[in-house]
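For reference, the structure is listed below as structure tokens.
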Amino acid sequence: CHQYTNRSCEECLKNVTCLWCASSRGCMEYPVRRILPPADLCELRSARWGVCWGKCQPAVPCGVLF
């Protein structure tokens, strides 16, 4: 995932194991052992996983809704 840092959210999220952090423009492995990414990795309001237009918020599930 790190090879997509400073590129685009769309490029990062082509790999389903990646998390995009909009505030840092960082692409990183999603911490699968946690439901939500920890704040020291990426602020929730900046975290994108699954889709670039969604936001991870406590009241809103992350990613794609089926």
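Any residue in the stretch 43-56 that is modelled with pLDDT under 90, part of a strand (DSSP E or B) and exposed (fewer than 13 other Cβ atoms within 10 Å of the Cβ)?
No.
Looking at the stretch 1-26, which of its residues are under 11 Å from the mean Cα position of the chain (by Cα) and part of a helix (DSSP H, G or I)?
Across the stretch 1-26, the qualifying residues are Cys9, Glu10, Cys12.
Can you confirm whether the stretch 2-16 contains a residue that is in contact with a helix residue (DSSP H, G or I) (Cβ under 7 Å, 6 or more places away or on another chain) and at pLDDT 95 or above?
As a first pass, look at the stretch 2-16 and keep what is in contact with a helix residue (DSSP H, G or I) (Cβ under 7 Å, 6 or more places away or on another chain): 4, 11-12.
Adding the requirement that they be at pLDDT 95 or above leaves 11-12.
Yes, that holds for at least one residue.
The values are calculated or read from the model by the stated rules, or taken from the named source; none is laboratory data. Remember, predicted model here, so these are calculated numbers, not experimental data. Neighbour counts are summed over all protein chains in view; Cβ atoms, including those assigned to glycine, are modelled from backbone coordinates with ideal geometry.
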